[in-house]
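Data block below; observations after.
The values are calculated or read from the model by the stated rules, or taken from the named source; none is laboratory data. Predicted model, so just to flag it, every value in this text is computed and none were measured. Please note: Cβ atoms are built from the backbone with ideal geometry, for glycine as well, and neighbour counts cover all protein chains shown. For accessibility, only protein heavy atoms count, side chains too; no ligands or nucleic acids. Shrake-Rupley method; radii C 1.70, N 1.55, O 1.52, S 1.80 Å.
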Amino acid sequence: MTREVRLTPLDEQLLEPLLSVAVAEAEPDEVMPPVDAPAGWSRARMDAFRQFYRAHFGGLDGPTGNLMYAIVQDGDVVGMIRLGRVRGEPDTLETGLWLGKSTRGQGIGLIALRLALAEAIQAGACRVVADTRSENLPAVSLLRRCGAVLDSDGAAVRAEIRLGVTEDVDAVDAG
């Protein structure tokens, strides 16, 4: 069975479907910054989710320097991946993603990350970095599969993926 996975820039039309996936298939702390609100998906937390994601509609050149994409599988929103500018490093973007529980472990994250890396190249980035926790084994594995070099202090993991590295191509062409 072939599945179509694509990235679509997050906008107002995709915000409610994304929130629906988050509420049904993720914990709030997996998909948004902490909020002073009752535990779980309270009205206040859902409003904060909307506000947080709307603040990033401006893209890489917007006020937050983040471009968020809905991960769409076979026409349905199943998660989100983002690219963000890294302050003081104009050739570097940061990424992060989340998927609804029902779509985890199916290779969708790998496809989404590879698509995001292609977008990063188009944006002029030479490298993409990501942070995760060492116990988040699926994320660590995903980053490795995309060629990341990992650095860990035991609890935190910092990943770096170099984009479009072609040092050997020039040597072959010269020969």
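The label-point distance for D131 and A44, in a model that sets each label 7 Å from Cα toward Cβ, rounds to 2.6 nm.
Between helix 108-122 and the chain there is an angle of about 60 degrees, using the helix long axis and the longest principal axis of the Cα atoms.
Compute the Cα gyration tensor for region 9-113, then decide on rounded, prolate or oblate, letting a ≥ b ≥ c be the square roots of its eigenvalues: rounded whenever a/c is under 1.5, prolate when a/b is larger than b/c in the other cases, and oblate in all that remain.
On the way: a/c = 1.70, a/b = 1.17, b/c = 1.46.
Because a/c hits 1.5 or more and a/b fails to exceed b/c, region 9-113 counts as oblate.
Couplings 3J(HN,Hα) of region 24-32, computed from phi: 7, 9, 8, 8, x, 6, 7, 10, 7 Hz, in residue order, whole Hz [Karplus 6.51 cos²θ - 1.76 cosθ + 1.60, θ = phi - 60°; x for Gly and Pro]. Compared with the alpha-carbon gap, the fully stretched path from S152 to T64 is longer by 29.0 nm at 0.36 nm per residue. Taken one residue at a time, the phi angles of region 76-88 give Karplus couplings (6.51, -1.76, 1.60, θ = phi - 60°) of 10, 6, 10, x, 9, 9, 10, 10, x, 5, 9, 4, x Hz. Gly and Pro are set to x.
Computed extension gain for R162 through E12, at 0.36 nm per residue and net of the alpha carbon distance, reaches 50.8 nm. Ranked from largest to smallest solvent-accessible area, with a 1.4 Å probe on the protein heavy atoms, D29, D131 come out as D29, D131. Dipole orientation for region 1-159: of the candidates W41, T64, L7, L7 has the Cα lying most toward the positive pole (charges on Cβ; Lys, Arg +1; Asp, Glu -1).
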